[in-house]
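Down below is the structure, laid out as structure tokens.
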Amino acid sequence: MEKDCIFCKIIDKELPSDFIYENDRLVVFRDINPHAPVHILIVPKKHIRSINDLTEEDNEIVSELISVAKDMAKQESVSESGYKLFFNVERGGGQVIFHLHLHLIGGWKR
Ligand code: AMP
Ligand code: ZN
């Protein structure tokens, strides 16, 4: 666990959050400031600062983030209507929490 990392504290249940799913390697919770009707974050338990810090040994977890995102989209009923998956990378890319996380947003009326 990284000192002063909000997401590490959420993962360790030191801070509350709206948990949706958890396994040994990752957690999924609702974004506190949603930008869409459905806005969830898929977060590895391992503290990795950003996409820039990934190494080959992280390939499996990155793959799992995406496959869990697919399952969460189905569970949140946005699979058919469609959704976006994205990583913000470093400050210029809009990243404000420096613990890797995959955003899933969707659920807009069309
Ligand atoms: P990013 O800009 O990619 O670093 O995204 C960080 C996201 O984390 C933002 O969408 C925030 O609304 C969200 N966030 C910040 N603090 C919390 C929290 N305590 N619980 C849930 N989501 C959070
Ligand atoms: Zn962290």
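Of the residues making up region 72-83, those that are closer than 21 Å to residue 7 by Cβ and either loosely packed, with under 12 Cβ neighbours inside 10 Å or within 12 Å of the chain's Cα centre (by Cα) (or both) number 1. Screening residue 36 on (1) free of Cβ contacts under 8 Å to residues at least 40 places away in the same chain; (2) in contact with a strand residue (DSSP E or B) (Cβ under 6 Å, 6 or more places away or on another chain); (3) of a type outside the set (S, T, N, Q) shows it passes everything except condition (1). What are the residues in region 64-110 that are part of a loop (DSSP other than H, G, I, E, B), more than 16 Å from ligand 2 (Cβ to nearest atom) and in contact with a Leu (Cβ under 9 Å, 6 or more places away or on another chain), if any? Residues satisfying the conditions are 76, 78. The condition of being charged (D, E, K, R) and more than 12 Å from the chain's Cα centre (by Cα) holds for only one of 14, 64, that being 14.
Per-residue answers, yes or no, for (1) open to solvent by 20 Å² or more (accessible area, probe 1.4 Å); (2) on the phi < 0 side of the Ramachandran plot; (3) among the aromatic types (Phe, Trp, Tyr); (4) within 16 Å of ligand 1 (Cβ to nearest atom):
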residue	(1), (2), (3), (4)
19	yes, yes, yes, yes
27	no, yes, no, yes
32	yes, yes, no, yes
70	yes, yes, no, no
85	yes, yes, no, yes
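The values are calculated or read from the model by the stated rules, or taken from the named source; none is laboratory data. These numbers come from a predicted model, not from an experiment. Neighbour counts are summed over all protein chains in view; Cβ atoms, including those assigned to glycine, are modelled from backbone coordinates with ideal geometry. With ligands, DNA and RNA removed, areas are computed over all heavy atoms of the protein, side chains included. Shrake-Rupley method; radii C 1.70, N 1.55, O 1.52, S 1.80 Å.
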